[in-house]
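Working notes, structure below.
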Amino acid sequence: MKKLSIVVHTSLQQELADCLRSLKLKSFMFSHTEEHSSQLKQDAFLSARDKVVGYVPKVRVDILLEDERAKTLIDELRGSGVSFAGKGSYWVGDVEKVGEL
C-alpha cells in the first residue's frame, strides 16, 4: 500500500477535489497548511496577499492507494485538464500498516 500526498494552493482545492472524485477514488483527506520560504517573492503564481503576509496558504491531500494505482494516479491528474502545472508538488511513500481505532 502507498500514500500519495499532494500539496497545492488553496485556490485549487475544489478543483482538485472534483478531479479526484471523478477518478473514482474511495476516499481522500484534505489538511490546511502554510508554505514559508525565502523564495516566495520570486514565485509568479503568488497573489499580492501571499507576498505581503509572507506565507502561502496551501492544502494537502493524502490518499491511500494500492501500489499499482499509485503509479498511475499522477499521470491521470496531469491528463485531467485541470491546470496543476507548476502549482503543486507531490510525494509517494510506503504505508506499513493501515487500520481503524
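None of the figures in this text is laboratory data; all of them are computed from the coordinates on show. Since the model is a prediction, treat every value here as computed from it, not as a measurement. Ideal geometry is used to build each Cβ from the backbone, glycine not excepted, and the neighbour counts take in all protein chains shown.
Treat the count of other C-beta atoms within 10 Å as a stand-in for reagent exposure and order K97, K2 from fewest to most. Walk me through the numbers before you get to the answer.
On the way: K97 5, K2 17.
Fewest-to-most ranking of K97, K2: K97, K2.
Most exposed first by the Cβ proxy, i.e. fewest other Cβ within 10 Å, how do H32, H9 rank? Don't jump to the answer; show the numbers that get you there.
Details: H32 10, H9 19.
Placing the least packed residue first, the sequence is H32, H9.
Using the count of nearby Cβ atoms within 10 Å as a rough guide to exposure, how do M1, M29 rank from fewest to most?
Details: M1 13, M29 9.
By the 10 Å Cβ count, ascending, the order reads M29, M1.
Mind checking which aspartates and glutamates have their Cα closer than 19 Å to the Cα of K3? Skip sequence neighbours fewer than 8 apart in that chain.
Filter leaves D62, E66, D67, E68, D75, E76, D94, E96, E100.
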